[in-house]
2 protein chains.
Amino acid sequence: MTASATDHPGPILGLDVGGTKIAALLVDDGDRELARRSFPVDGRPLADQVVAAARSTLDAVGAEVRPAAIGIGAPGQIDPEAGTLRLAVNLSEAALPIATIVGEALGVPCWVDHDARAAAAWLYQRAGGSESLGSLAYLSVGTGISAGVIVDGRLLRGVSGLAGEVGHLLAVPEGPTCACGLSGCLEAVAAGPAVARLAADAVAAGRGGALAAGADAAEVYRLAEAGDEAARRIVADVGRHLARAIRGLALAFGVDHVVVGGGLARAGATFLQPILDELERERRASALVREAIGPQHIELLPAGMEAGTWGAVHIARSGLRATSPDPDQRREVADG
Amino acid sequence: MTASATDHPGPILGLDVGGTKIAALLVDDGDRELARRSFPVDGRPLADQVVAAARSTLDAVGAEVRPAAIGIGAPGQIDPEAGTLRLAVNLSEAALPIATIVGEALGVPCWVDHDARAAAAWLYQRAGGSESLGSLAYLSVGTGISAGVIVDGRLLRGVSGLAGEVGHLLAVPEGPTCACGLSGCLEAVAAGPAVARLAADAVAAGRGGALAAGADAAEVYRLAEAGDEAARRIVADVGRHLARAIRGLALAFGVDHVVVGGGLARAGATFLQPILDELERERRASALVREAIGPQHIELLPAGMEAGTWGAVHIARSGLRATSPDPDQRREVADG
């Protein structure tokens, strides 16, 4: 890799657009954090909210810090060339030219890509790339569920741009209705809103234990950690569904390294242990599962590590490199 | 591509080793069929049976035809470098050095690789490769279920060599026990033995219609085509499970082109229509599914086209090219 202007382009702003919040991270060339902010998503047009989040984050550090590029990570079907996003089932927008809108509003080059895919690419690079790891799946479990998958050293995008939409694998035939319109999707039984719904169901049925009406997923995991039986049952169910999906990922993609992040994963061991317990049951039953994946291959994103915003920073840097006049820089993107 | 000795190496013998039969195909340089045979799998050691199948096929054309190479396609976890197969859940062998055994017995270079992956590679090449198709999944539904998947122009192998083992995605939580040891796998509810079991269950429960005790999958599909209600119910169930798996493949891998083959697919429209019916229901319910896959993207392997044995021929030719002294020939394998 040769040194060039794009090695030190200046600060980068990453924006991770989720179903419930927009997380922003401004870093300098040396990956030092200059600012970190989080903004709840409300009913306004999404592009307006993203622009406001970007402005507010930049305002916090003063006018003298001007980002060289902005990267946006978002769920759904992203066209990185066109800079658009659509079919983000947890966002209410379709075919939105988000990169153009945000780039023009801020007067800064802007790129958009899939949130989980960008996080996976960043985690893979951080772990040493293809010289260290043959494969990596980053499974994000938050308001929605999706994955970024790197197999045989290559990040999968797919013809449709939908590769990694594992939140809509079947979990429970004829199960709860999913935001995507199907029923029984993994996302409909194991993402944040599903956890809250299970809690509400338990309360309504008079078996809610310490759960209160309106408890969100974070509260369910807090109570489970504190030993509440009703919360623990919900958390065990979610872990079982996720373990089966991780087994499916390991078998379908042949990946042997899975990192789990997203809002629910912040509960730490309370979130991870039921997944590992179910996988252990499956490993005892099946030589195929023993071969495909072991507990040493599954890790939680370390506490405090926001793969979503770092993935968004990675999107901006990849965009800068891909449009660099230096061919050595461009090649690096093609290889990655 | 430059002409070289490996362009015209002589006849190639392909052996497709399945759970119930070994299919053999001997072709010449111009892909003309010199011999085609099928041998039921019995209780003898698998390697002995494969050697016998190879000898018998070659005997049929006489001593003057000597193959330049043998390719073996088999299910399970294949190590193409070592020439071994293991974890083939529908075969009773483990860690078998099949390529060495068969190659030495016949005195011919021999390679082994995964059956569905080889069939996918052959189908992809036949369709024009990456210049024609961005992605292709070949789903084989026979004694077992597995897939060969090409995404963004690359055949997935995975770190474990297990990429494409989609027969063990979840179909029915706490469902029937699978040959792999898990329960409720797709293979346990939608492969050949599962169809036979569903027929036996229906007969035992007195709702078997025209089904007789001991009906196999082919018989169930024949009766379904003839309009028997009991058989049609089984066929519809299998189609629903397979449709959900195909939707999962389309979303997880981002493939937009799915070819379905294997023993069950030989039933033609009786097999395919229930899959298309369920996918149409899903497409009506979900914009995500409408985007991911349409009926025009799913096709049956044409009647009489044996992708398994052609895949095995492809394995042998790839092996010859990979070991060719001509670097242009070797490069082609690395790219493909």
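The values are calculated or read from the model by the stated rules, or taken from the named source; none is laboratory data. Computed from a prediction, not measured in an experiment: that's the story for all the values here. Every residue, glycine among them, receives a Cβ derived from its backbone with ideal geometry; neighbour counts consider all protein chains shown. For the accessible areas, the whole protein counts, side chains as well, though only heavy atoms, and no ligand, DNA or RNA atoms are used. Shrake-Rupley method; radii C 1.70, N 1.55, O 1.52, S 1.80 Å.
The string of couplings for segment A:283-291 from the Karplus curve (6.51, -1.76, 1.60, θ = phi - 60°) is 5, 5, 7, 9, 4, 5, 5, 4, 6 Hz, one whole number per residue in order, with x for Gly and Pro.
I need to check one value: relative contact order of segment A:197-323, counting alpha carbon pairs closer than 8 Å and at least 6 residues apart, in percent. Dividing the mean separation by the residue count of segment A:197-323 yields 21 percent. Each copy carries a label point for B:R44 at 7 Å from Cα toward Cβ; from one copy, the others' points are 7.8 nm away, ordered from shortest. Its Cα centre serving as origin, segment B:187-336 has a Cβ charge dipole (Lys and Arg +1, Asp and Glu -1) of approximately 220 debye. Look at the stretch B:168-176: the mean tally of other chain Cβ atoms within 10 Å of its residues' Cβ atoms is 5.
Placing unit charges on the Cβ atoms only, positive for Lys and Arg and negative for Asp and Glu, gives chain B a dipole magnitude near 500 debye about its Cα centre. Relative to the other identical copies, A:T323 shows label-point distances of 5.1 nm, where the label point lies 7 Å from Cα along the Cβ direction and values run shortest first. Ligands, DNA and RNA excluded, the heavy atoms of B:H297 present near 50 Å² of accessible surface to a 1.4 Å solvent probe. When only alpha carbons are used to place a centre, segment A:240-259 and segment B:161-184 end up 12 Å from one another. Legend: mean number of C-beta atoms from other chains within 10 angstrom of residue C-beta atoms, peptide A:286-294, equals 6. Helix B:307-322 and the longest principal axis of the Cα set of chain B meet at an angle near 30°. Calculate, for B:S56 and A:S130, the FRET efficiency according to 1/(1 + (r/R0)^6) with r their C-beta to C-beta distance and R0 45 Å; round to the nearest 0.05. Once rounded, the FRET efficiency stands at 0.50. With R₀ fixed at 60 Å, the C-beta to C-beta distance from A:R66 to A:A212 puts the FRET efficiency at about 0.80. Using the Cβ-Cβ distance between A:A205 and A:R290 with R0 set to 45 Å, the FRET efficiency works out to roughly 0.75.
Calculated accessible area for segment A:177-263 comes out at 34 Å² per residue, all protein chains present (probe 1.4 Å; ligands, DNA, RNA ignored).
Once the chain from A:E174 to A:Q273 is taken as fully extended at 0.36 nm per residue, the excess over their C-alpha distance is 32.9 nm.
As a length-normalised measure over Cα pairs under 8 Å and 6 or more apart, the relative contact order of chain A settles at 19 percent.
Listed values for segment A:166-181 are Karplus-derived 3J(HN,Hα) couplings in whole Hz (6.51 cos²θ - 1.76 cosθ + 1.60, θ = phi - 60°), namely 7, x, 10, 6, 5, 10, 9, x, 6, x, x, 5, 9, 4, 7, x, and x replaces Gly and Pro. When a/c is below 1.5 the answer is rounded, else prolate if a/b is larger than b/c, else oblate, so apply that to segment B:69-185 with a ≥ b ≥ c taken from the square roots of the Cα gyration tensor eigenvalues. It comes out oblate by the Cα gyration axes. Between A:A82 and A:R197, the contour length at 0.36 nm per residue exceeds the alpha carbon distance by 37.7 nm.
Quick check: from the Cα gyration tensor, does segment A:248-293 come out rounded (a/c under 1.5), prolate or oblate? Oblate, since a/c reaches 1.5 and b/c is not below a/b. In loop segments of segment A:130-210 as defined by DSSP, the GluC sites (Glu not before Pro) with at most 16 further C-beta atoms inside 10 Å of their C-beta are A:E174. Peptide A:144-151 has a mean shielding of 2, counted as Cβ atoms of other protein chains within 10 Å of each residue's Cβ. In nanometres and ascending order, the distances from the B:G10 label point to those of the other copies are 6.9 (point 7 Å from Cα along Cα→Cβ). Only the Cβ atoms of Lys and Arg (+1) and of Asp and Glu (-1) were treated as charged; on that basis the dipole of segment B:82-173 about its Cα centre amounts to roughly 100 debye. Stretched out straight at 0.36 nm per residue, the stretch from B:T20 to B:R222 would grow longer than its current Cα-Cα span by 70.8 nm.
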